[in-house]
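The values are calculated or read from the model by the stated rules, or taken from the named source; none is laboratory data. All values derive from a computational prediction rather than experimental measurement. With ideal geometry, Cβ positions are generated from the backbone for all residues, glycine too; neighbour counts draw on all protein chains shown. For accessibility, only protein heavy atoms count, side chains too; no ligands or nucleic acids. Shrake-Rupley method; radii C 1.70, N 1.55, O 1.52, S 1.80 Å.
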Amino acid sequence: MYRYDQYDHLIVKERVAQYRDQVRRRLADELTEEEFLPLRLQNGLYMQRHAYMLRIAVPYGMLSSPQVRMFAHIARKYDRGYGHLTTRQNIQFNWINLEQSPDILAELATVEMHAIQTSGNCIRNTTSDELAGVAADEIIDPRPYAEMIREWSTFHPEFAFLPRKFKIAISGAEQDRAATAVHDIGLHVVKNAEGEVGFRVLVGGGMGRTPIIGSVIREFLPWQHALTYLEAILRVYNQHGRRDNKYKARIKILVKALSAEEFARQVEAEWLDIKDGPATLTAEELQRIAQYFTPPPYETLPATDAGFEGQKTDNKGFANWLKRNVKAHKVSGYAAVILSVKKTGVPPGDITAAQLDFVADLADQYSFGEVRVTHEQNLVLADVKISELFTVWQAVKAQGLATPNIGLLTDIICCPGGDFCSLANAKSIPIAQAIAEKFDNLDFQHDIGDIELNISGCINACGHHHVGNIGILGVDKDGSEWYQVSIGGAQGNNTSIGKIIGPSFSAQQMPVVIERLLNVYVQQRTEEELFIDTVQRLGIAPFKEFVYASPIPTGYTHGEDACVY
Amino acid sequence: MLVSTNIIKNREVVADDWSVLRLNEGDSADSVSIPAGKVIVPFSVWNARRAQLLERAEVGVWLGSDAQADVVKDDLAHFSLVAVDFPKFTDGRGYSIAYNLRTRLGYNGELRAIGDVLRDQLFYMQRVGFNAFAVRADKDINDALKGLTDFSEKYQTSWDEKTPLFRRVQRQAVSQD
Ligand code: HEM
Ligand code: SF4
């Protein structure tokens, strides 16, 4: 894992001092709220519905155990004892007060952490594959490149006041686990015919109000040119992106207006000027950074273990967990374990201080002291010995982090919605909870198989609803909360944007709507077909027809009792 | 009438005797009256009144944030200073304009940020090539001066720093223990 040197320490320390003074000036009214807003956003501090929320950067999702313990400490000391994992591999605390925020940053700095550029109209925290470095299908480890991008984008003087926020994602495996197609820039590490490493560059993807899948503007960019090429893209965007309308300010709108070909032409023209300049990456720099991502001291182990095989056959619960929550590893005798932060009854992605401490200890004991955050709001222990999986499972189970539902119906991606977010049109957490409760039966979930259900409380799409196989979007109709449903969205190698099935539903109707969608799938599926395949084969028509075929009770209230059906 | 105000120039607070001409509603570049003395005119006025302005000993021009640096490419030699306007401090186009003026067009004279110029942007502004700052009049200019020294290191290149950190220094992780 990347470790700070004196320069990283210095920059983060100076940031804390700068921010502390900005807060002081705000409190002394030397800065107006309007002037302070972009400054605090570039430090991850949002004003939410009830309190300030602080979003802390987890560069490309990588954490050390001391960092995880620091989260636990922050949760206890400055918040209400829990944090929230986000779809951008970050963590958020929901109950922060402004006066204490500089102290939190100072504490974070002691474990090489910060909240730099986790919000605001600048280049945001770069995201990547949560299985980077261990995935069986990896071509090249993307983390050294992600780190080079982190450094380059940190306080980039020219790109701190862009037309809009700017997100970069990088993936180096055959299977894209970083949702690169729905980012402002998506980078795929590829090798050309000569075996040289480079990037396929996608631009102009994004969700929000206008969901668009990114366009490839360069099939192969030699890795040395990564930063100068990014600079060229950003310069074209900074000058030509729309600033008259916040909703049309993302780079996707510019790329669409110009066409990907014309946009690419402008970028190439801009790039000619800086190509091969001093910002060109060097083999020495790649090597310096790559040394932080060398494999941990793995033992030489057989592919499996007799004890493990026995535990697997003897214990159905363990077997279920293995099937869903444990992923193949490129090193023999090891596996990657996903800790499900999706237990029924808990808001998706919410994690308590005690759980954070537990995860840190577990990582120290079983996974070389490292933890990762996934963009599905779960955690990963990437390097667990197969022979220790059973012990790990038992420990994790006791902490409520072993629900065997990774990739299943109740592994819901869900934004904070109306319970916290001041932009929300509707609540999302209670919808996720109602659905999770209704389909809590694991046999049923395993029978349905891989499915992504994503919920956003408004069109901003923080919950990735556009790319959910089932997407739920909170909408406002005459001041009350309704939910619009889309199906057929997908992330990964075949990213697609879901299609809306029809008029929206009330909160109480949602579990039944999901049930009906699943009914159509179960009746129509061919063997081995996943929900998304059936939707793609049949289109939305049969789903739509069945969901709307008969009225769904809307629920009513009797005094204090809410009766749903 | 000219009022001398203070600006930040080359990291010092100094008196300044330039005035900035802005077109009000109803003014046209062709007919607006250009004050005597050292004046920074909008690019449109420069364009429309070139011959007249060339007679002056010293003239400055300012670009709006929607301009491209290229528009002044052939005229740079005539200007004692070039200014870039920040209509809102959140409008970041001026940073790319400045960068292009300095690097692509090789402009070496005074480059001044005008408009909504505030302390917390100065560090970035100097990095892309501004060396003069007309800090917004209602703000304390001595306080703003501190904004130039918020950071003592930077990772990436820009006008002020041609060599990225990774080429400039030997880097190695330091133990926290
Ligand atoms: C205070 C809470 C939050 C606020 C005010 C907020 C605000 C926003 C806004 C305004 C957008 C729309 C940007 C646009 O596309 O134009 C957005 C998009 C997004 N946010 Fe949030 N957000 C919040 C919490 C979260 C959380 C908790 C997550 C992760 C779970 C998240 C992840 C995202 C993602 C992935 C997008 C979509 C980006 C895209 O279109 O490419 N946000 N958010
Ligand atoms: S999708 Fe909307 S409601 Fe949900 S967190 Fe984002 S801005 Fe808030």
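The lysines whose alpha-carbon is closer than 21 Å to the alpha-carbon of A:Lys342, local same-chain residues fewer than 8 away aside, are A:Lys316, A:Lys323, A:Lys327, A:Lys397, A:Lys427, A:Lys438. Which residues of the range B:147-162 show a drop of at least 20 Å² in accessible area when all protein chains are present, compared with their chain alone (probe radius 1.4 Å, heavy atoms only, ligands and nucleic acids excluded)? In the range B:147-162, residues shielded by partner chains: B:Asp150, B:Phe151, B:Ser152, B:Glu153, B:Tyr155, B:Gln156, B:Thr157, B:Lys162.
Computed from label points 7 Å out along Cα-Cβ, the spacing between A:Glu299 and A:Glu262 is 6.2 nm.
Both the radius of gyration and Dmax for the range B:50-141 are 13.0, 39 Å, in that order, over alpha-carbon atoms. Spin-label pair B:Lys73-A:Asn519: with each label point 7 Å from Cα along the Cα-Cβ axis, the two points sit 6.7 nm from one another. Filter A:Lys167/A:Lys330; A:Lys13/A:Lys77; A:Lys256/B:Lys139; B:Lys9/B:Lys162; A:Lys191/B:Lys162 down to the pairs with a C-alpha to C-alpha distance above 32 Å, please. Violating the 32 Å limit, Cα to Cα: A:Lys256/B:Lys139. Chains B and A together bury some 4300 Å² of accessible area, summed over both sides, with a 1.4 Å probe.
A 1.4 Å probe run over chain B, with the rest of the protein chains in place, finds 45 Å² accessible per residue. Summing charges over neighbours of A:Pro404, with a neighbour being any other residue whose Cβ is under 15 Å away from its Cβ, gives +2 when K and R count +1 and D and E count -1.
Set the Förster distance to 30 Å, then compute FRET efficiency between B:Ser31 and A:Arg242 from the Cβ-Cβ distance, nearest 0.05. So the FRET efficiency works out to roughly 0.40. Label zone (A:Leu10, point 7 Å along Cα-to-C-beta; backbone nitrogen cut-off 17 Å) within the range A:153-170: A:154-156. What Kirkwood Rh does chain A have if only Cα atoms enter the pairwise 1/r average? Answer in Å. Mean inverse Cα-Cα distance, inverted, gives 24.4 Å.
What is the percent carbon and sulfur in the accessible area of chain A, measuring with a 1.4 Å probe over the protein chains and ignoring ligands? So the carbon and sulfur contribution to the accessible surface is 52 percent. In the range B:113-128, burial by the other protein chains removes 40 Å² or more of accessible area from B:Arg119, B:Asp120, B:Tyr124, compared with the chain on its own (1.4 Å probe, ligands and nucleic acids ignored). Kirkwood analysis of the Cα pair distances in the range B:103-157 returns a hydrodynamic radius of 12.0 Å. What the range A:241-348 shows is 51 Å² of accessible area per residue, with the surface traced by a 1.4 Å probe over protein heavy atoms. Expressed in units of 2.2 N^0.38 Å, where N is the residue count, the Cα radius of gyration of the range A:204-298 is 1.33.
Taking 0.36 nm per intervening residue step and subtracting the Cα-Cα distance, what contour gain separates A:Ala283 from A:Arg76 on full extension? Taking A:Ala283 through A:Arg76 to full extension adds about 70.2 nm, to one decimal.
For the options B:Asn108, B:Asn100, B:Asn24, a Gaussian network treatment of chain B with springs between C-alpha atoms closer than 10 Å singles out B:Asn24 as fluctuating the most. In the range A:150-175, comparing the full protein assembly with the chain on its own, the residues that lose 30 Å² or more of accessible surface at a 1.4 Å probe are A:Glu151, A:Phe155, A:Pro157, A:Glu158, A:Phe161. Simple spin-label estimate for A:Lys191 and B:Asn24 gives 7.0 nm between the two label positions (7 Å along the Cα-to-Cβ direction from each Cα). Relative to the longest principal axis of the Cα atoms of chain B, helix B:119-128 runs at roughly 90 degrees. With a 1.4 Å probe and all protein chains left in place, how much of the accessible area of chain B comes from carbon and sulfur atoms, in whole percent? Exposed carbon and sulfur together represent 46 percent of the surface.
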